[in-house]
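Before any comments, here is the structure.
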Amino acid sequence: MHEVHSGGCLCGEVRFSVTGRPLQVLVCHCNMCQRVTGSAFSVEPVFMKEQVAVSGQQLATYSYRSKDHGRILEFSFCRTCGNRLGLTLERFPAVQVLYAGTFDQPAWLAPSSHIFTDSAVPWLALPNDVQCFKQHMFNADGKAAQAVNDVP
């Protein structure tokens, strides 16, 4: 039987559950993630959409065209408290990104990769045991990018 993990927004009007483990857990250091989180990075577990079930109040969305790559990112958030819960990506329509901090027990999510480390804040030490990429982990042509560290 698959494990199930739950989470939700700050006010509790929106709840979600995921079945199984994420495809990966990204730590994104891009300028957009820094701005939308008000922090140094965003921790983003990536699931297939069919792994995610949302209940409660209908989510509001905000569509943003990335200045970096020109594709749409659609952020979802609670209509009552404004808490961002996740986003979907035009480039990868079958996946749902959630934010690690919205899980009831987020400690089960361990980062698998750091991306956009070129824009990471200078006071943050990047890990040696997790792949780190200067930009995205996929090049514009869809091929895997080269990690800047040699993690097996």
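Of the residues in the range 41-51, at least one is farther than 20 Å from Gln135 by Cβ and free of Cβ contacts under 8 Å to residues at least 12 places away in the same chain.
Between Leu23, Leu59, Leu85, the distinction of being farther than 28 Å from Leu126 by Cα and not charged (D, E, K, R) belongs to Leu59 only. Residues in the range 48-70 that are over 25 Å from Thr19 (Cβ atoms) and charged (D, E, K, R) were compared, and the one that is surrounded by the most Cβ atoms within 10 Å (Cβ to Cβ) is Asp68.
Figure legend. Inter-residue proximity from the range 52-71: first residues closer than 16 Å to Gly82 by Cβ, second residues among the β-branched types (Val, Ile, Thr), beta-carbon distance below 8 Å, spacing 6+ or different chains. Indicated pairs: Gly56/Val14; Gln57/Val14; Gln57/Thr80; Leu59/Val14; Tyr64/Ile72. Of all residues in the range 44-72, those satisfying the criterion of being among the polar types (S, T, N, Q), outside any strand (DSSP E or B) and in contact with a Ser or Thr (Cβ under 8 Å, 6 or more places away or on another chain) are Gln51, Gln57.
Beta carbons closer than 8 Å, at least 6 apart along the sequence or on distinct chains, pair a first residue in the range 12-24 that is more than 21 Å from Val130 (Cα to Cα) with a second that is acidic (Asp, Glu) for Thr19/Glu3; Gly20/Glu3. Out of curiosity, is Thr117 hydroxyl-bearing (Ser, Thr, Tyr), under 19 Å from Ser6 (Cα atoms), in contact with a strand residue (DSSP E or B) (Cβ under 7 Å, 6 or more places away or on another chain) and surrounded by 15 or more Cβ atoms within 10 Å (Cβ to Cβ)? So Thr117 does not fit the description; no.
Condition check: farther than 15 Å from Thr19 by Cα and either in contact with a Lys or Arg (Cβ under 8 Å, 6 or more places away or on another chain) or β-branched (Val, Ile, Thr) (or both). Does Phe92 satisfy that? Answer is no for this residue. You will find that of Leu89, Leu73, the residue that is under 16 Å from the mean Cα position of the chain (by Cα), surrounded by fewer than 17 Cβ atoms within 10 Å (Cβ to Cβ) and under 25 Å from Ser6 (Cβ atoms) is Leu89 and no other.
One residue alone among Phe47, Phe92 is modelled with pLDDT of 95 or more and at negative phi, and that residue is Phe47.
The values are calculated or read from the model by the stated rules, or taken from the named source; none is laboratory data. This one's a predicted model, so the numbers in the text were calculated from it and none came from an experiment. Positions of Cβ are backbone-derived with ideal geometry, glycine not excepted, and every protein chain shown enters the neighbour counts.
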